[in-house]
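Engineer: Before I ask anything, let me first share the structure, which is written out below as structure tokens.
The values are calculated or read from the model by the stated rules, or taken from the named source; none is laboratory data. Since the model is a prediction, treat every value here as computed from it, not as a measurement. Please note: Cβ atoms are built from the backbone with ideal geometry, for glycine as well, and neighbour counts cover all protein chains shown. What goes into the accessible areas is simple: the full protein's heavy atoms, side chains included, and nothing from ligands, DNA or RNA. Shrake-Rupley method; radii C 1.70, N 1.55, O 1.52, S 1.80 Å.
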Amino acid sequence: QVQLVESGGGLVQPGGSLRLSCTASRNIFSIYTMGWYRQAPGKQRELVARITSGGSTNYADFVKGRFTISRDSTQNTVALQMNSLKPEDTALYYCNARMININYWGQGTQVTVSS
């Protein structure tokens, strides 16, 4: 079992920045793909960004150039730096660890972008 705990969400004005962090209960980065997903009210959960065990990164088109995913294996953390936030980025953000058909999810952290 792997526990994932997110932090760093909050209320920010449009154009502002937030940094989300996900701490895993053990070091899994060498075998799991880590990702950030989000779900807005009334919408499906969608992939925001992910980083593979080999360190490759992928981003959804709607965050390219604004968000950056990174990881720190010494701290068992995966971060999502979010810049130039827009009201449409408002959602519950989830951390995910995936390996083949095994998925772990965190409880989510709320991000609200509003003036």
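Engineer: Say we look at region 87-107 and pick out the residues that are open to solvent by 60 Å² or more (accessible area, probe 1.4 Å), out of contact with any strand residue (DSSP E or B) (no Cβ under 6 Å at 6 or more places or on another chain) and not β-branched (Val, Ile, Thr); which of these is farthest from Ala40 (Cα to Cα)?
Structural biologist: It comes out as Asn101.
Engineer: Quick one: is Ser73 among the polar types (S, T, N, Q), farther than 27 Å from Ser114 by Cβ and open to solvent by less than 60 Å² (accessible area, probe 1.4 Å)? I'd like the intermediate steps shown before the answer.
Structural biologist: On the way: among the polar types (S, T, N, Q): yes; farther than 27 Å from Ser114 by Cβ: yes; open to solvent by less than 60 Å² (accessible area, probe 1.4 Å): yes.
Answer is yes for this residue.
Engineer: Assigned to a loop (DSSP other than H, G, I, E, B), under 17 Å from Gly10 (Cα atoms) and either open to solvent by less than 80 Å² (accessible area, probe 1.4 Å) or of a type in the set (D, E, K, R) (or both), is that true of Ser53? Walk me through how you get there before you give the answer.
Structural biologist: Values: assigned to a loop (DSSP other than H, G, I, E, B): yes; under 17 Å from Gly10 (Cα atoms): no; either open to solvent by less than 80 Å² (accessible area, probe 1.4 Å) or of a type in the set (D, E, K, R) (or both): yes.
In short, no.
Engineer: I've got another one for you. May I ask you to list pairs of residues, at least six apart or on different chains, whose Cβ atoms are under 6 Å apart, with the first in region 95-114 being within 15 Å of Thr23 (Cα to Cα) and the second being polar (S, T, N, Q)?
Structural biologist: Listed pairs, sorted by first residue: Arg98/Thr33; Trp105/Asn96.
Engineer: Could you tell me whether Arg38 is open to solvent by 40 Å² or more (accessible area, probe 1.4 Å) and either assigned to a loop (DSSP other than H, G, I, E, B) or on the phi < 0 side of the Ramachandran plot (or both)?
Structural biologist: Values: open to solvent by 40 Å² or more (accessible area, probe 1.4 Å): no; either assigned to a loop (DSSP other than H, G, I, E, B) or on the phi < 0 side of the Ramachandran plot (or both): yes.
Against the criterion (open to solvent by 40 Å² or more (accessible area, probe 1.4 Å) and either assigned to a loop (DSSP other than H, G, I, E, B) or on the phi < 0 side of the Ramachandran plot (or both)), Arg38 does not qualify.
Engineer: Then there is this: Just name the residue that is nearest to Ala97 (Cα to Cα) out of those in region 1-35 that are of a type in the set (Ser, Thr, Tyr), in contact (Cβ under 8 Å) with a residue 60 or more places away in the chain and in a loop (DSSP other than H, G, I, E, B).
Structural biologist: Filtering region 1-35 for residues of a type in the set (Ser, Thr, Tyr) gives 7, 17, 21, 23, 25, 30, 32-33.
In the following step, the residues that additionally are in contact (Cβ under 8 Å) with a residue 60 or more places away in the chain were identified as 7, 17, 32-33.
When the remaining residues are screened for being in a loop (DSSP other than H, G, I, E, B), the result is 17, 32.
On the way: Ser17: 24, Tyr32: 6 Å.
Going through the qualifying residues, I end up with Tyr32.
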